[in-house]
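The values are calculated or read from the model by the stated rules, or taken from the named source; none is laboratory data. Here the structure is a predicted model, which is why all the values come from computation and not from measurement. No Cβ is skipped: glycine too gets one built from the backbone with ideal geometry, and neighbour counts run over all protein chains shown.
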Amino acid sequence: METASKVERIAFVGNYLPRKCGIATFTSDLLTATAARYPQTQCFAVAVNDVEEGYKYPDVVRFEIEEQDPSSYQRAADLINISNVDLVSVQHEFGIFGGPAGSHLRVLLQGLKTPVVTTLHTVLREPNFEQRRVMQGLIARSARLVVMTQRARQMLLEVYQAPPAKIDVIPHGIPDIPLVDPDYYKDHFGVKGRTVLLTFGLLSPNKGIEHVLNALPQILADFPDVIYVVVGATHPHELQGRGEGYRRSLETLARENKVEKSVIFCNRFVELEELKDFIGAADLYITPYLNEAQITSGALAYAFGAGKPVVSTPYWHAAELLADQRGILVPFGDSSAIACEVAGLLRDSARRLAISKNAYTMGREMVWNNVASLYMSSFEQACLQHAVLSRKMFATKTRYQQQRVAPVRVSVSAALRSLPNARAAEFNNSLALRKREGSTASG
C-alpha cells in the first residue's frame, strides 16, 4: 500500500548492508519499507564504517562516517543540513559509534538543524557513567525516542527519567512470511522427512548454542528424525578477536555428544530470501541466548512473526514477546529444560499449533509495511513538534529584537520634567545660547 506523507525527505543514520550485522539489516529494511510505503518521500542513508576500506554500498547511501573519526561525524551533519531533509532517523547501539560508549554520535547530533528520531536498540538497566551520559544526550536531543518493547519504555522512564510523551513503542519489523507447512520448504535444504529445529544469526559465545547441542541426545532418544540447523556466519567482531574458536568448539561438542549427523552448521551470512526459506522449513525455533539484558532480537522477531513455535531463554525481548501462550521460556543455560520443552512440543501437536497461531496473529502487526506506517507517524509528530518550537522561538526572538531597536520618542518638555531643577535650568540656558549664535551667523 502506497501512502503520501508531509515528510518529504529523510536521512537514515546507522550501519547499512552489505555490512554484516543486525543494525545494518534493520536500517536497510526500515529505509526500504518507508520508501515503498511512501514513494513521494525521498530517503537516503548515512552509513557508519568500522573498517578503513568501507563497504560496497548501494546508491541510496549518500555519505559514509568513519566510526572513530569525530570530524567525519561533523561532515555528515553538514551534508545532511545542506540536503534539505525534514528529519533524521538514527539507529542507536552503543557499539556502532566511536568514542567512549559511542559518544562521537553527539558530534553529529549537535551539528544537525533538523529534528531527530532515535531508535534505541539497547536500553541498559545499569549503565556506567559514559553510557548514561550518552543516553541522556540522546534523550535531550531527540524529538522522539523509539523502543521495541514495553520493558524498554519502562526502563527509559525509571532509569533515565525520559519524558513519557517522547517515547513511541514500535515492534521490530519483519518480512511478511506466509504461514505454510514446513514440509513445503524442506526439499530446498535436503531435509525432507526430518523435524527441523532452527537457530539463526551471527555466531558468538553469548548465543548459547552449546546448550542445545547438549540437549540433543535426550531429544534424539525420543525423536531420532530431528535435525538441528544453525544458520549464520561468525560475528565479524568475534572473528577479528578470536577467529572461529567458538564455531570449532561447537563442532567438537557435537562430535563428543555423537550428534554430529543430526546437526548442520551453515557458516555464511544468508540473504533475506534464503533466510525466509530457512525459517519456513523450521518446525521449531530455538533462541538459547545467555544475556538477559537483550532488549531486542531481530532473529526472534523474524521467526516469531512467521508463526514458528519458539523455545527460548527469558531474555527481555523473549520474555515479553512469548508471553500469553505465544511461546515457551526455559531457564538460562539449562540443557535439560530445553530438551524437555522441545520434546513436549513435538509430542503435542495441538499445543504447537495453538502457539503458532498466536504468534502469527501478533506477527501481522510487525510486518514492515505496518511498521513503516508507525515510524512515519513518529516522524510526522517529530516534525510537527519541531515546527511549533521553531515558531515559538522565532516569535520570542522577534519580540526581543523589537524591544531592543524600537526608537524611543520623548518630547523636550517631558525630558526637562524628568531632570533635576538645576540641570533643567542649565539645559535651557544652553539651548538659548545656541539659538542666539545661530541668529548671529545667519545675519
Review point. Surrounded by fewer than 21 Cβ atoms within 10 Å (Cβ to Cβ), closer than 21 Å to Glu365 by Cα and within 25 Å of the chain's Cα centre (by Cα): does that describe Glu238?
Key: no
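The rows are residues; the columns are (1) touching an Asp or Glu at 6+ places or on another chain (Cβ under 9 Å); (2) modelled with pLDDT of 95 or more.
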{"site": "Leu198", "(1), (2)": "yes, yes"}
{"site": "Ile209", "(1), (2)": "no, yes"}
{"site": "Ile219", "(1), (2)": "no, yes"}
{"site": "Val226", "(1), (2)": "yes, yes"}
{"site": "Val230", "(1), (2)": "no, yes"}
{"site": "His235", "(1), (2)": "no, no"}
{"site": "Pro288", "(1), (2)": "yes, yes"}
Exercise for review: Among the residues of segment 92-133, write down those that are aliphatic (A, V, I, L, M) and touching a Cys at 6+ places or on another chain (Cβ under 9 Å).
Suggested key: Ile96
**Study point:** Enumerated helices (runs of 4 or more DSSP H) restricted to segment 142-257, each holding at least 1 residues that are farther than 30 Å from Tyr375 by Cβ and without any contact (Cβ under 8 Å) to a residue 24 or more places away in the chain
**Key:** 183-186, 209-222, 236-242, 245-256
Practice item. Being farther than 24 Å from Phe26 by Cα and out of contact with any Asp or Glu (no Cβ under 7 Å at 6 or more places or on another chain) narrows it down to one of Leu300, Leu346, so name that one. Key: Leu346
Check your understanding: Is there any pair with a first residue in segment 99-116 that is in the same structural domain as Leu138 (by TED's automatic domain parsing) and a second that is β-branched (Val, Ile, Thr) and in a loop (DSSP other than H, G, I, E, B) whose Cβ atoms are under 6 Å apart and which are 6 or more apart or on different chains, and what are they?
Key -> Thr114/Val85
**Study point:** Count of segment 312-325 residues which are part of a helix (DSSP H, G or I) and among the charged types (D, E, K, R)
**Key:** 1
Check your understanding: Taking into account only those residues within segment 100-116 that are touching a helix residue (DSSP H, G or I) at 6+ places or on another chain (Cβ under 7 Å) and surrounded by fewer than 18 Cβ atoms within 10 Å (Cβ to Cβ), which is farthest from Phe379 (Cα to Cα)?
Key -> Pro100
**Study point:** Condition check for Glu2: in contact with a Pro (Cβ under 8 Å, 6 or more places away or on another chain), more than 19 Å from Glu273 (Cβ to Cβ), in a loop (DSSP other than H, G, I, E, B) and of a type outside the set (Phe, Trp, Tyr)
**Key:** yes
Check your understanding: Do we have Leu17 as modelled with pLDDT of 95 or more, buried (at least 21 other Cβ atoms within 10 Å of the Cβ) and part of a loop (DSSP other than H, G, I, E, B) here?
Key -> yes
Practice item. Collect the residues in segment 340-359 that are among the basic types (Lys, Arg) and closer than 20 Å to Val212 by Cβ, keeping them in residue-number order. Key: Arg347, Arg352
Study note, to complete from the structure: When every residue in segment 263-292 that is charged (D, E, K, R) and assigned to a loop (DSSP other than H, G, I, E, B) is compared, the one nearest to Arg351 (Cα to Cα) is Asp283
**Study point:** Residue list for segment 326-339, restricted to those being over 27 Å from the mean Cα position of the chain (by Cα) and either part of a helix (DSSP H, G or I) or over 15 Å from His211 (Cα atoms) (or both)
**Key:** Ser335, Ser336, Ala337, Ile338, Ala339
Review point. Could you say whether any residue in segment 355-375 is within 18 Å of Thr199 (Cα to Cα) and charged (D, E, K, R)?
Key: no
Check your understanding: What do you reckon, is Val311 surrounded by 24 or more Cβ atoms within 10 Å (Cβ to Cβ) and touching a residue at least 12 places away in the same chain (Cβ under 8 Å)?
Key -> yes
